[in-house]
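The values are calculated or read from the model by the stated rules, or taken from the named source; none is laboratory data. Please read all numbers here as calculations on a predicted model, not as lab measurements. A quick note on method: Cβ atoms are made from the backbone with ideal geometry, for glycine too, and the neighbour counts reach across all protein chains shown.
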Amino acid sequence: MNKTSYFFLLCKRNIAIMVLSNMAIGLMDGPMRWLLPLLLMERGGPFLVGLSFSIANLGDTVIALLGGQFSDRFGRKIMLVISSFFYTIGSLLLFIAFWQGSLNFIIIGMIATIFIYGLSGISSGSTLALITESISEEDAGKALSLVSFGGLMGRILGSSFIGILFNTKPVEALIAMTVFPAISVLLRLQLKETLQLKSMGENISLIEHLKGTINTVKMLGSLCILSIVALIILNGLSLAICGNYYSPYITENFGLDSAKIGVIFSLLGLIQLLLTPVAGIVVDKYEYGFLNGLILGNVFSGGFLLVFSLTHLPFVAVLSMIISSGLGVFHSIGYDVMMAKILENRFRATIYSGMMAVWNMTFILGPVVGSILYSSNPKLTFIIASALLLVTFIPIGKIGYYFRNTALINK
């Protein structure tokens, strides 16, 4: 089996554009991940954080289902461009909300959250489909990790730059966070469509497309589908419950300001950056390498998250948080490669986005549960989140059994 180098993959047009556009979005998304929860917390407390992200993820769930079908019927490129445009609108609204003041911030800030973490999900499934359709199957892990590498590089630079800038010039920082996703719109307009014209929506009705999707799901079997759904729910609930409270938790418990938090999240991004190509190699090297990725990205990550929740030492807490979050890239690459292996091109984006909709549903309930837990006992928030990740070894084992059993039957 011939393997392609990272350099050769980067020379491919779609891969190069996706790396650069993801980097541009990462420059906004890196600081947004900790800055938006902080701003919402300051203006409305844990309830506003939970409510805003719950509403956003409700929208993300609905839009993901639509986006996957549109991608399989009308093309990958248009969905990716629209997603970047929504990121731009959301960042612009956050700037307006900050500029307008307290009461307006609560309203406009919630709408900004919906655009950034809700409507932007319309490209769910399109990224996976475009990348895997642009290269050979055996290079899927490296290609996906390369595109993730670009996004993580952007997050590192964005977290450091915006974290320092926001301390002294918050308005300029928010303007910069609006420009970055706008650049990604221009880049994604240069993508080459990978969905063949003969399989696009003009030759198939929505009902026929849905019937084909259902038949594909039935062929996978209940063991495979239920195990994947269980993995998605456990992973999603864990992140949804505690994901918005890392920066408030370390601020309240260890007295760190926005500049120091920005540096910490930059270090987190650096670890993820270094581990991303490693994850791509690990996943592609072995026939079932994606299972190793899922174990590292869930079970091992949950163990370090448990350490973060129990320690009283600032250094240990920050280090365990960085390692736990860093290992998450193994789940991301492993999961995407797993889905690419079991899905047909014709229905790839639809089924993938359907699974993402399940994941998004956990973010409807999760932030609300997280806000209740954090208001009563911040430490318990992270203990429960770690327990959910540790339990994922059960569905991962079932998924491994399905793939090995399927391989034996095919032989």
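Things worth noting here:
For every residue, the table says whether it meets (1) of a type in the set (D, E, K, R); (2) surrounded by 23 or more Cβ atoms within 10 Å (Cβ to Cβ); (3) touching a strand residue (DSSP E or B) at 6+ places or on another chain (Cβ under 8 Å); (4) under 20 Å from I175 (Cα atoms).
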residue	(1), (2), (3), (4)
L48	no, no, no, no
L58	no, no, no, no
A64	no, yes, no, no
G68	no, yes, no, no
Y87	no, yes, no, yes
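- Inclusion of A97 among residues that are within 23 Å of V369 (Cβ to Cβ) and either aliphatic (A, V, I, L, M) or more than 17 Å from the chain's Cα centre (by Cα) (or both) is not warranted.
- Residues (at pLDDT 90 or above, hydroxyl-bearing (S, T, Y) and out of contact with any Gly (no Cβ under 7 Å at 6 or more places or on another chain)) located in the stretch 273-310: S309
- Single residue of the stretch 110-144 satisfying the filter (assigned to a helix (DSSP H, G or I) and either out of contact with any helix residue (DSSP H, G or I) (no Cβ under 8 Å at 6 or more places or on another chain) or farther than 30 Å from L94 by Cβ (or both)) that is modelled with the lowest pLDDT: E137
- Selection within the stretch 382-411 - buried (at least 23 other Cβ atoms within 10 Å of the Cβ) and over 20 Å from A230 (Cβ atoms): F382
- Within the stretch 357-411, the residues that satisfy the criterion of being of a type in the set (F, W, Y) and modelled with pLDDT under 90 are W359, F363, Y401, Y402, F403.
- Condition met for I232 (modelled with pLDDT of 90 or more, surrounded by 13 or more Cβ atoms within 10 Å (Cβ to Cβ) and β-branched (V, I, T)): yes
- A24 vs. criteria modelled with pLDDT of 90 or more, in a helix (DSSP H, G or I) and surrounded by fewer than 20 Cβ atoms within 10 Å (Cβ to Cβ): no
- Scope the stretch 217-227; condition modelled with pLDDT of 80 or more and either more than 25 Å from S145 (Cβ to Cβ) or surrounded by 22 or more Cβ atoms within 10 Å (Cβ to Cβ) (or both); matching residues: I225, L226
- Filtered by the rule that a residue be surrounded by 22 or more Cβ atoms within 10 Å (Cβ to Cβ) and of a type in the set (F, W, Y), the stretch 247-293 gives F265, F290.
- Within the stretch 305-335, the set of residues being buried (at least 17 other Cβ atoms within 10 Å of the Cβ) and of a type outside the set (A, V, I, L, M, F, W, C) comprises S309, S320, S324, S325, G326, G328, H331, S332, G334, Y335.
- Filter result for L191 (surrounded by 18 or more Cβ atoms within 10 Å (Cβ to Cβ) and farther than 25 Å from Q272 by Cα): yes
- Residue satisfying all of: in the stretch 122-151; within 18 Å of I78 (Cβ to Cβ) and small (G, A, S); surrounded by the fewest Cβ atoms within 10 Å (Cβ to Cβ) among these: S134
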